[in-house]
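First comes the structure, then the notes that go with it.
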Amino acid sequence: MAANSTMLALGTKCPDFTLENAVDGQTVSPIEYAGKSGLLVMFICNHCPYVVHVHDEFKKLEDEFAAKGLAILAINSNSERTHPQDGPANMKLRAKEKGWGFPFLFDRTQSVARAFQAACTPEFYLFDGAQKLVYRGRLDESSPKNGKPVTGKDLREAIVNLLEKQPITSDQLPSVGCSIKWD
């Protein structure tokens, strides 16, 4: 069943956390990215058709913006007990298959998803250099069944404006996707 993101309040400080990267076993925290031009945190998973529909766009965003100072973290908070296909071993396979260079973190306790008030996958949070929330919501208007192309328009526009130090509209639309699979 489709769920909408909860739209965490703009200006919220990025929650602090430390999670293990399923790709290389290293721990990662957003504090490591302090001083970057921006930080994109994506709540994604392996099985959700809404994520699968747009997952090629993640590499495009990385290729386009990482060299310009945008750090990217992907987090999977789904229950491994009820959705073993979303567990760390399969996360590592997905990241390698897609060529993602950003960390793909497993939120085993689901505490990070709760701190972000994350509700669905995919869900996107863009923080400025001070790690204050400037965008949250959808990638674009595309979904698995609406026939609209995946462009990343909404999120991409916010990233460009952030990096160019231009205003980011507060007229932001929630992400729609699969609900996070809570334990």
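Looking across the stretch 141-172, just one residue is in contact (Cβ under 8 Å) with a residue 60 or more places away in the chain and charged (D, E, K, R), and that is 156. Out of the residues in the stretch 66-116 that are surrounded by 20 or more Cβ atoms within 10 Å (Cβ to Cβ) and of a type in the set (Phe, Trp, Tyr), which is nearest to residue 181 (Cα to Cα)? Of everything passing the filter in the stretch 66-116, 106 is nearest to residue 181 (Cα to Cα).
Pick out the one residue from 135, 125 that is at pLDDT 95 or above, out of contact with any helix residue (DSSP H, G or I) (no Cβ under 6 Å at 6 or more places or on another chain) and in a strand (DSSP E or B). I'd like the intermediate steps shown before the answer.
Details: 135 fails: out of contact with any helix residue (DSSP H, G or I) (no Cβ under 6 Å at 6 or more places or on another chain).
The conditions single out 125.
Annotation: residue 79 fulfils all but one of (1) over 25 Å from residue 130 (Cβ atoms); (2) in contact (Cβ under 8 Å) with a residue 40 or more places away in the chain; (3) not in a loop (DSSP other than H, G, I, E, B); the unmet one is (3). So which residues in the stretch 1-36 are at pLDDT below 95, out of contact with any Gly (no Cβ under 9 Å at 6 or more places or on another chain) and surrounded by 14 or more Cβ atoms within 10 Å (Cβ to Cβ)? The one that is at pLDDT below 95, out of contact with any Gly (no Cβ under 9 Å at 6 or more places or on another chain) and surrounded by 14 or more Cβ atoms within 10 Å (Cβ to Cβ): 6.
When you go through 4, 21 one by one, which is the residue that is touching a strand residue (DSSP E or B) at 6+ places or on another chain (Cβ under 8 Å), closer than 18 Å to residue 86 by Cβ and among the polar types (S, T, N, Q)?
Details: 4 fails: closer than 18 Å to residue 86 by Cβ.
Just a single option satisfies the conditions, and that option is 21.
The values are calculated or read from the model by the stated rules, or taken from the named source; none is laboratory data. Nothing here was measured: the structure is a model prediction, and the numbers come from that model. Every residue, glycine among them, receives a Cβ derived from its backbone with ideal geometry; neighbour counts consider all protein chains shown.
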